[in-house]
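The values are calculated or read from the model by the stated rules, or taken from the named source; none is laboratory data. All figures in this text were calculated on a predicted structure; none of them were measured in a lab. Methodologically, a virtual Cβ is constructed for each residue, glycine included, from the backbone with ideal geometry; neighbour enumeration extends over all protein chains shown. Remember, those area values only see protein heavy atoms, side chains included, never the ligands or the DNA or RNA. Shrake-Rupley method; radii C 1.70, N 1.55, O 1.52, S 1.80 Å.
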Amino acid sequence: MLNTQIKNLTEVNLVDQLGLIKAEIAQLQEQEKALKEQLIALGDGKHSGNLYDATVSPTSRDTLDMEAVRAKLSPQFIRAHTSTTHFSTIRVTARKGN
């Protein structure tokens, strides 16, 4: 019984650590987004700070419309060219009342 309680405390501790880190990362990502928007507003080119340089460059990205592709290709073709990757996911949610 004691071993189970210790294991549960360790798991909870790990869960809480992960939850706290994910919350910090979310806040940092918001700050990063705001700073990037400000840099982009300064215009293209090199911008220098005291410790780092940043370069704003115009870019483009091509996106494949997979819905249109699936409509034109046969299910057999899609299956033949589809690969499956197995992995684990972890979803962390804040507990109510804490």
Please compute the modelled spin-label separation between SER48 and VAL69, points set 7 Å along Cα→Cβ, answer in nm with one decimal. 4.4 nm
Hits among lysines - C-alpha to C-alpha of LYS22 under 20 Å, sequence gap 8 or more where chains match: LYS33, LYS96
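If you roll a 1.4 Å probe over region 23-94 with all protein chains in place, what percent of the accessible area is carbon or sulfur?
With neighbouring chains kept in place, the figure for region 23-94 is 53 percent.
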What translational diffusion coefficient, in µm²/s and rounded to a whole number, does the Stokes-Einstein relation yield for the chain at 4 °C and a viscosity of 1.567 mPa s, taking the hydrodynamic radius as the Kirkwood radius over Cα pairs? 66 µm²/s
Between LEU64, SER88, GLN76, whose Cα lies farthest towards the positive end of the dipole of region 58-98 when Lys and Arg beta carbons carry +1 and Asp and Glu beta carbons carry -1, centred on the Cα centre? SER88
